[in-house]
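Below you'll find the structure, written out as structure tokens, and then a few comments.
The values are calculated or read from the model by the stated rules, or taken from the named source; none is laboratory data. All values reported here derive from a predicted model rather than from experimental measurement. Positions of Cβ are generated from backbone atoms using ideal geometry, with glycine treated the same way; all protein chains shown enter the neighbour counts. The area values use the complete protein model at the heavy-atom level, side chains included, leaving out ligands, DNA and RNA. Shrake-Rupley method; radii C 1.70, N 1.55, O 1.52, S 1.80 Å.
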Amino acid sequence: MMKLTELKGIGPKTEALFFKLGVRTAEDLLHYYPVGYDAYDPPCAPGADMEGQKTAVKGVLTGYPSVRRKGNLTILTAVLSGPYGKIRLNWYNSLFLKSRLVPGREQVFRGVLRIRGNMKVIDHPEIHEPEKYAALSGTLVPVYGLTAGLSGKTVAKAVREAFAALLPEGGDYLPVPVKERFCLTDAETAIRGIHFPQTPEMMLNARKRLVFDEFFLFILALRSLKEAGLEEENHFPMQPVRETEDLIAGLPFRLTEAQLRVWHEVEADLSGRNLMSRMIQGDVGSGKTIVAFLAMLQCVRCGWQSAMMAPTEVLARQHFEKFTKLKETYGLSCIRPVLLCGSMKASEKKEADRQIADGSANIIIGTHALFQDHVGYDRLALVITDEQHRFGVRQRRALLGKGFLPHTLVMSATPIPRTLAVAFYGDMAVSVIDEMPAGRTPVKNAVVDESARKSTLAFIGRQLAEGRQVYVVCPMIEPAEELVLANVKEEAAFLKKVFPDYKIGKLHGRMKTDEKNAVMEAFADGSVQLLVSTTVIEVGVDVPNATVMVVENAERFGLAQLHQLRGRVGRGKHQSYCVFMAGQKSEAVMARLGILKQSSDGFVIAEKDLALRGPGDLLGIRQSGDPVFTLADISRDGSILQQASETADAVLAEDPWLNLEKNAPLKAKLQTYLQANERNITL
Ligand code: ADP
Ligand code: MG
């Protein structure tokens, strides 16, 4: 590993800024991909519909610029004239530009177009001579996610320095036949191509290779870590029990056909010849939890312990409370639930540990605290993980280790099309709950653009005033130069000004776990009313009082992901709303987002999304803080996932332990990958 400060031009100060971005070494820098590209499109005659977009206009200044002072701002203003009419140009605290603003000569100005009253305005445009601009046309300039004090130029320069110092980065580990078969470029070309593509095609090729790598290594890592499969003998046989039937009959609602079918599959697994290894996939709100509860009930009724692990404390507490209520409501005296979370007091934890160890608790619900070393189980026979896609395999293995291979059930709402589930879950059996409980009030959806900003804010205000809560989702954590995208930091600051009477929370993947938990908890208990976040809120938390979700720059997300996000609202008795705010007003964008209004079936949406988003859609790059897939997008890169999965199968069929000489580079790469990612690898 090479320190950042070993690179030319990086001192301790810049290094500290890079640390903030999660870039700790020169190697990290190679993989700190741009969040998008700035394309120098040919100058155009912008209409009002291009508001909010980066625009280049050619024209002639009608006169010398005027200078105004406003507080400590010096504003330089000129008027540009061309076939499109007049556009006002403003520069702030940049008097030195004055000499470049010569009337009567044709120049190109480039910046974000705004409409103020009936005037078109560009603030702080770049100034180009027409010939020079023509030369730039068609090139792609990388745009990096930035933190205050670090400019895009500094990042780009540092990346170039890292290239010089590190590439080729230990050669290419991918066997040549694989590259040939799927037309993949080599690793070095890919890294260069993603940072500094000369053409869009180069960027797409680079992206394809890197996405392939992300999937391929992920799948290999999964398989190499995987517990024993289906063929393991069932040493915890559990016969079906009356109590589950009684509970189903006594519930205030009727289970859907799909829930019943899946429950019977699980019930049969538990009493079958082999250990259960099953995943339940079901859209948000499809009612997976009750199926899990039934399985746990059968387990404890047969005399064993069962544990359920949730990705956040908030979710764990919710499950625990629901279980306790179930026990009381239905007089299920055989159930003895206990909660175990990291933030509990030492004395509480100790007491929980005791109950788990001596068997006086038989339903154990918690977070990853469930498998810390001090926790010893008495008779653990069933482990359920909720929202599995957020869990580390290592964590899960630690828990499995305590129960001598118990039955495992995992639950996920990630709407992966069925054909792809196989690639991910291998020989794990998959059950799908493909039906929604009747009688839900459907979420009302709106697909809007910037022109609805004011009315959206007013709407948020009214909902807040009624005591409801609101999610605002942004594609970025922090601002990026040159890329006009909503980001958590600025959005939260903005909303704070608009709604000074409410408490606003921030949430993103670069925060520490306990910080995230604290914010989520504050939102769940209502002390925070407005939550500004990246996609990390996807995880299945239930805040029934949250009735509004606004997704900024919705065009940046896959439909499947937007659908997943919208599942956070519509969970309570109040009507819920989802506003998809498009940053661009193009027809294609509006049509694609419109699908979310037509369907509320996650599987249908995921399939349509795959069909609709062509590879030309290269602006899907964004910043969620998700550590596992930086570029890859399950809902969009299905065909690459398929290829990576086939390749992994073929490689492992021939050489299960990667001991062959020719696989040595791959083995080394996998080892590094495992070290870096083990905590994050999710199933
Ligand atoms: P998810 O599949 O997203 O985990 P949950 O299990 O949390 O969904 O269920 C969401 C809500 O729907 C819960 O309040 C649950 O009690 C309720 N629910 C589950 N099954 C049914 C059903 N068949 N009819 C009506 N409501 C149901
Ligand atoms: Mg759930």
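Here are the numbers for the structure shown:
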read-out: Contact order relative to length of region 444-599, as percent, for alpha carbon pairs under 8 angstrom and 6 or more apart; value: 31
read-out: Rounded, prolate or oblate (a/c below 1.5 giving rounded, otherwise prolate when a/b exceeds b/c) for region 41-137 by Cα gyration tensor; value: oblate
read-out: Carbon and sulfur %, accessible surface of the chain computed with the full protein complex present, 1.4 Å; value: 54
read-out: Dipole of the chain, positive end: most advanced residue of P544, I248, Q259 [Cβ charges, Cα centre]; value: P544
read-out: Ordering of 201-213, 549-561 by packing [mean C-beta count within 10 Å, highest first]; value: 549-561, 201-213
read-out: Contact order normalised by residue count of the chain, Cα under 8 Å, 6+ apart, percent; value: 14
read-out: L531 long-range amide H proximity, modeled H, under 5 Å; value: V470, Y471, V472, G505
read-out: Accessible area per residue, Å², the chain with all protein chains present, probe 1.4 Å; value: 43
read-out: Magnitude of the charge dipole, region 444-599, Cβ model with Lys/Arg +1 and Asp/Glu -1, debye to 20; value: 440
read-out: Lys, Arg +1 and Asp, Glu -1 on Cβ, resulting dipole of region 41-137 about Cα centre, debye, nearest 20; value: 460
read-out: Point-to-point label distance, E106-A653, nm (Cα→Cβ direction, 7 Å offset); value: 6.2
read-out: Cα→Cβ-extended label distance, 7 Å offset, between A164 and S81, nm; value: 4.9
read-out: Calculated FRET value between L660 and A39, using beta carbons and R₀ = 35 Å, to 0.05; value: 0.20
read-out: Of K86/K489; K8/K489; K3/K512, pairs whose Cα-Cα distance is over 27 Å; value: K86/K489; K8/K489
read-out: Built amide H within the under 5 Å cut-off of S277, gap 5+; value: T408, A429
read-out: Highest average packing first - 144-152, 110-118, 654-662, Cβ atoms within 10 Å; value: 144-152, 110-118, 654-662
read-out: At R0 = 41 Å, FRET efficiency that the Cβ-Cβ distance of K496 and R181 yields, to 0.05; value: 0.20
read-out: Signed unit charges on C-beta, dipole axis of region 41-137, positive-most listed residue P42, P130, G82; value: G82
read-out: Backbone N under 12 Å from the Y92 label point (7 Å along Cα→Cβ), restricted to region 42-76; value: 70-76
read-out: Extension gain, K503 back to K322 (0.36 nm per residue minus Cα-Cα distance, nm); value: 62.4 nm
read-out: Only Lys, Arg (+1) and Asp, Glu (-1) charged, at Cβ; the chain dipole about Cα centre in debye; value: 2660
read-out: Extension gain from R24 to E131, taking 0.36 nm per residue of separation minus the Cα-Cα distance; value: 34.5 nm
read-out: For the chain, radius of gyration divided by Kirkwood radius, i.e. Rg to Rh on alpha-carbons; value: 1.00
read-out: Cα shape, region 136-279, gyration tensor, a/c 1.5 rule; value: prolate
read-out: Integer Hz, Karplus 6.51/-1.76/1.60 couplings in order for region 68-78, x for Gly and Pro; value: 10, 10, 9, x, 9, 9, 10, 10, 9, 10, 9
read-out: Interchain or long-range residues, amide H under 5 Å from L340's placed H; value: I365, G366, T367
read-out: Estimated FRET transfer efficiency when R0 is 60 angstrom, pair D246-A16 (beta carbons, to 0.05); value: 0.45
read-out: Inter-label distance, nm, simple model (7 Å from Cα along the C-beta direction), K597/R336; value: 5.7
read-out: Potential lengthening between S586 and E233 on full extension [0.36 nm per residue; Cα-Cα distance subtracted]; value: 121.4 nm
read-out: Overall form of region 444-599 per C-alpha gyration tensor (a/c, 1.5; a/b vs b/c); value: rounded
